[in-house]
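The values are calculated or read from the model by the stated rules, or taken from the named source; none is laboratory data. This is a predicted model, so every value here is computed, not measured. For neighbour counting, all protein chains shown are included, and Cβ atoms are generated from backbone atoms with ideal geometry for every residue, glycine included. All accessible areas refer to the heavy atoms of the entire protein, side chains included, with ligands and DNA or RNA removed. Shrake-Rupley method; radii C 1.70, N 1.55, O 1.52, S 1.80 Å.
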Amino acid sequence: MNLITQNLITQVVSKNINQTVKSLWILRNVLFGKSMVLHTNSRRSMMDLHGRKHDYLRISLTERCNLRCQYCMPAEGVKLSAKSQLLSRAELTRLLRLFAALGVTKVRLTGGEPTVRSDLVDIVHEISSIQGIHTVAMTSNGVALTRRLPALQRAGLTALNISLDSLRSDRYELMSRRQGLQKVLACIDLALQLKYEPVKINTVLMKGFNDDEICDFVEFTRNKEVEVRFIEFMPFSGNKWDDSRMVSGDDALGVIREKYRALQPLLASACGTATLWRVEGYRGRVGFISSMSQPFCSSCNRLRLTADGNLKVCLFGGTEVSLRDAMRAGDTDARLAELVLASLRRKRPQHAGMQNLARAKNRPMILIGG
C-alpha cells in the first residue's frame, strides 16, 4: 500500500462524513490509476504528522530582481539558473492544479521580483481560474508595479504585500542598492485607490539601520489602510546575519508602546504569522513577525515552490524535492501527489533555532522566494 493510499485511509476513519466522501473518491482514483485532478470535488486537506493543515502555497516566479536588498541577496550577487532549469508556464499550471486538488486555497506569487515577468498578468489570470483557489496574492518591491497593477487586479490579483524597509530615500538606496522609494510610495497609494485593503507593508528591521524609523512607520498607518509588518532579520546564505543586528518583535513593540499609550491588540487569524496592533484612531495597523525570537511553527500552513521547481516544506529547511525533475521524467499526477505528501510527512515540528539556522546550509532568500 503506497503512502497516498495510507494517508487517505487515515482520513476516512478520522474525518466527518463530508470529508470521508471526498477521501473515498480520491482513494478510488488512486487505486484504479485515475488522475487526482480529474475531479475537483476530491480536494482534501494536506495534514502533516503534527496536525497542521497546509492550504497555502508560495510560488517563486523568478530568481531575478530589480533590487539588491542586503538581507535577501549577497553583495556579490547569485548564480541564476538557466532558463531551461526553471519551470515552464505549462509545468507551473500543472502543479498549481495538482496543489489545488490536494487542498491549497491560497497562492502567493513571489520572486526574485514577480514584476520582472512579462507574462505576469497571464499567470495571475490562469491561477485565478483554477477551481479551489480563492486567494491570489503577490509580494512585490513595488518599483515597477504601478503601471501593471490595474491589469493585475482585473486578472484576479486579490491581495498585495509591498516590501519597504525605509521611508528615507538615502537609506532605501543603501539597503536596496538601487533608487526607487518614490515609485514604491506611489504604488502603495495606487493600491489603496484600487481598494487593496489593507496593503501589507513588509519591513525588515535591522539595528543601526532602520530601527529608529519604527515610529515613523507607525505614523504611516495614521491615515492609510495599511498593515506595516515588522519582520525580524533572518539568516540565509550570504546575507551576513548576526543576532546583534536583529531587532526582536518585543523590542520593536516596546519602542512603540513608549510613544503610543493608546496601542490596542487586535485579533489575528489562526494561521497568521503576525501579532497585530492598532493605535486608537489610526486607520491602519502594525504587526510583528517574530520568526526568530518567537517562532510560529506550530500553526504553519505554508508550502513553497521555487522558480526551478523544488518543493520546500519549510522556509528554513535545507531539504528540497524536485517536482520539475519528476514531471520531466514522466511522472503522473498521482505520483507527484505522493511526492508532495511524503515531503509533508517529513516536515519537522519547528525550525532549528536562529543560531543553528545561521550555520545551516540553505539558499539565499532571493533563490527561495520572499
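Let's see how each residue does on (1) more than 21 Å from Leu109 (Cβ to Cβ); (2) assigned to a loop (DSSP other than H, G, I, E, B); (3) at pLDDT 90 or above; (4) not β-branched (Val, Ile, Thr):
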{"position": "Ser166", "(1), (2), (3), (4)": "yes, yes, yes, yes"}
{"position": "Leu174", "(1), (2), (3), (4)": "yes, no, no, yes"}
{"position": "Gln182", "(1), (2), (3), (4)": "yes, no, yes, yes"}
{"position": "Leu185", "(1), (2), (3), (4)": "yes, no, yes, yes"}
{"position": "Leu190", "(1), (2), (3), (4)": "no, no, yes, yes"}
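Among the residues of segment 116-155, how many are touching an Asp or Glu at 6+ places or on another chain (Cβ under 9 Å) and without any contact (Cβ under 8 Å) to a residue 24 or more places away in the chain? Of the residues in segment 116-155, 0 are touching an Asp or Glu at 6+ places or on another chain (Cβ under 9 Å) and without any contact (Cβ under 8 Å) to a residue 24 or more places away in the chain. One residue stands out in segment 142-165 among those that are small (Gly, Ala, Ser) and crowded, with 21+ Cβ neighbours inside 10 Å: the one that is farthest from His125 (Cα to Cα), namely Ser163. The numbered conditions (1) under 27 Å from Gly281 (Cα atoms); (2) of a type outside the set (Gly, Ala, Ser); (3) surrounded by fewer than 20 Cβ atoms within 10 Å (Cβ to Cβ) are all true for Cys187 except (3). Looking across segment 247-264 at every residue that is of a type outside the set (A, V, I, L, M) and under 24 Å from the mean Cα position of the chain (by Cα), the one that is most open to solvent (accessible area, probe 1.4 Å) is identified as Asp250. Residue check: is Glu173 open to solvent by 20 Å² or more (accessible area, probe 1.4 Å), more than 28 Å from Glu126 (Cβ to Cβ) and either touching a residue at least 24 places away in the same chain (Cβ under 8 Å) or not β-branched (Val, Ile, Thr) (or both)? Spelling it out, Glu173 is indeed open to solvent by 20 Å² or more (accessible area, probe 1.4 Å), more than 28 Å from Glu126 (Cβ to Cβ) and either touching a residue at least 24 places away in the same chain (Cβ under 8 Å) or not β-branched (Val, Ile, Thr) (or both). Inside segment 82-91, residues that are assigned to a helix (DSSP H, G or I), within 15 Å of Asp325 (Cβ to Cβ) and touching a helix residue (DSSP H, G or I) at 6+ places or on another chain (Cβ under 9 Å) make up a count of 2. Residues in segment 271-300 that are on the phi < 0 side of the Ramachandran plot and either at pLDDT 95 or above or among the acidic types (Asp, Glu) (or both): Leu276, Trp277, Arg278, Val279, Glu280, Tyr282, Arg283, Gly284, Arg285, Val286, Gly287, Phe288. Looking at Val247, Val228, just one residue is at pLDDT 95 or above and of a type in the set (A, V, I, L, M), and that residue is Val228. I want to confirm something. Restricting to segment 314-355 and keeping residues that are open to solvent by 40 Å² or more (accessible area, probe 1.4 Å) and at pLDDT 95 or above, which single residue is farthest from Ser88 (Cα to Cα)? By that ranking, first place goes to Arg335. Within segment 190-204, the set of residues being surrounded by fewer than 17 Cβ atoms within 10 Å (Cβ to Cβ) and closer than 26 Å to Ser291 by Cα comprises Glu197 only.
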